Amino acid sequence: MTWRARAAAVRPALAALVALVLFAVRPAAAAPRLEPVAHTGRIAVLAEPGLERIAQQLADGGERALRDIAADLTDLPTPRAIEVHLVRDAEDLASVAPAGRGAPRWAVGVAYPDLGVIGIAARRGAQIIDTESTLRHELAHIALGAALGARAPHWLHEGFAYQHSAELSWDRMETLTGMAWSHNIIPLDELDATFPRDELPASRAYAEAYDFVGYLSRRGRWEDPSDDGDRWPFRRFLREIGHGADLDRAATLAFGKPLHALFDEWRGDLGGRYLLMPLGLLGAFAWILCALLLGLAWWRRRRQNRRRLAQWDLEERLRRSSEPGSQVNVPPYVPWPGEDPLGHEPEDDDRPTGGPRWIN
C-alpha cells in the first residue's frame, strides 16, 4: 500500500478524532442572568430580562395560591420564604437550579422543597407554558415539604401538587385508560421507585399518583360514594402524617382503612371509571353518528320534496297550456270594404248649422 493510500485510509479517523476533541473542549452554555424583579409576601421572583410582567403576575398569584394550599395543611408548618427562578426556555432550568441539584430535561417546572426554591420556564421550545398553573403545582410541593418534611412519599407529593394546579391532560386520561384495560397498575410499594428522569416511563407513575391522591381527596370518611367528606378525611390524613404517624396509621385514622386497602379500593374505582369510558365514548359517538345521519336524511328528504313540487308545478303549467280554450286566437286583419268612414277627421265647414244645442 502506498503512502497516499495509507493517508486516505487514515484521514476519516483523524477527522472524527478532531471533531470529538472540539466537542469535548467547547465552552459550556452560560446560565441565564437572573435579576430580582418582583416580591409579594413570601414570594420573591428572579427572572431573565424581558420577563418582568410574567414575574409580577407570578408573585401576586403565588401568595394567593399559598393561602389556598394551606387549607389542606391545617395545624402544620408553612413555608416562610420562597424564591422563584423564571427562565425563558425550559432547557435552562438545570443551569439555574441550586448547586448539585439539576432538573429533568423534560420539565417545565421543578421544586426543591428543602431549599424553598422553584424553577419555572415560560416556554418549552415553541410551546407556551401556563406559568401560573406551573407555579401552583410547584408551590404545593414546597408547602407539603414544609408541612410533612421527608415523611411524604414521592407519589403523595405529586398527587397533592396535582390537586392544586388544575391541570387537565388528555394524555394522562389515555394512560390511565390503558392501565385499567391492561391491568398494568404499578403496586403501591413500587410506585416511588418508578419516577425516572425520562418523560415517557414516568408518565404512568405520575398518572397513577395523580389519580390515587385525587381519589383520597374525594373519598370521604366512609366508602359510601355520597360521603364526599368535604376533604376533611384527606386533610386529617395529611395532618396525622405531619404529626408523626406512619402512612397506614394516618390512613386508618382518617379513612377507617389502611393505605393498601384504600389502594385496592381505588384500583376497583379506576376500573369502573376507565373501563367504561371507551364504552361511553363509543355510545356518544354512536349518538352523534345517528344525529348526523338523521340530519342528512332530513336534508335529502327536503331536497326531494322541493324537486317533486317543482315537477308538479311544471306539469300543471303544461297541462293548462294544452287544454282547449286556454289560448286566445287573434283573427287576421281585414280592411274595411269601400271608403272607411273613420279614415279622415271632419273639417270645421262640415259641422251642422242651426245654432247651439242645449242639453239639459
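Things worth noting here:
- At R0 = 30 Å, FRET efficiency that the Cβ-Cβ distance of ARG33 and ARG67 yields, to 0.05: 0.40
- Here the gap between TRP312 and ARG105, fully extended at 0.36 nm per residue and compared with their Cα-Cα distance, gives a gain of 67.2 nm.
- A Förster radius of 56 Å, combined with the Cβ-Cβ distance separating ALA291 from TRP232, puts the computed FRET efficiency at roughly 0.80.
- Computed from the C-beta positions of GLN56 and ARG151 and an R0 of 45 Å, the FRET efficiency is 0.80 to the nearest 0.05.
- Relative contact order %, the range 27-151, counting alpha carbon pairs below 8 Å whose residues are six or more apart: 24
- Take each peptide in 45-51, 259-265, count the other Cβ atoms within 10 Å of every residue, and average; sorted highest first, the result is 45-51, 259-265.
- In the range 27-151, the convex hull through the Cα atoms has an average projected area of 7.9 nm², a quarter of its surface area.
- Each peptide in 150-157, 308-315 was scored by the mean count of other Cβ atoms within 10 Å over its residues; highest first, the order is 150-157, 308-315.
- The distance between label points at LEU115 and ASP269 comes to 3.6 nm (points 7 Å beyond Cα on the Cα→Cβ vector).
- Around ARG308: net Lys/Arg minus Asp/Glu count, Cβ-Cβ under 12 Å: +3
Values in this text are rule-based calculations from the coordinates and carry no lab data. Please read these numbers as outputs of a predicted model, since none were measured by experiment. Using ideal geometry, Cβ is built from the backbone for each residue, glycine included, and neighbour counts are taken over all protein chains shown.
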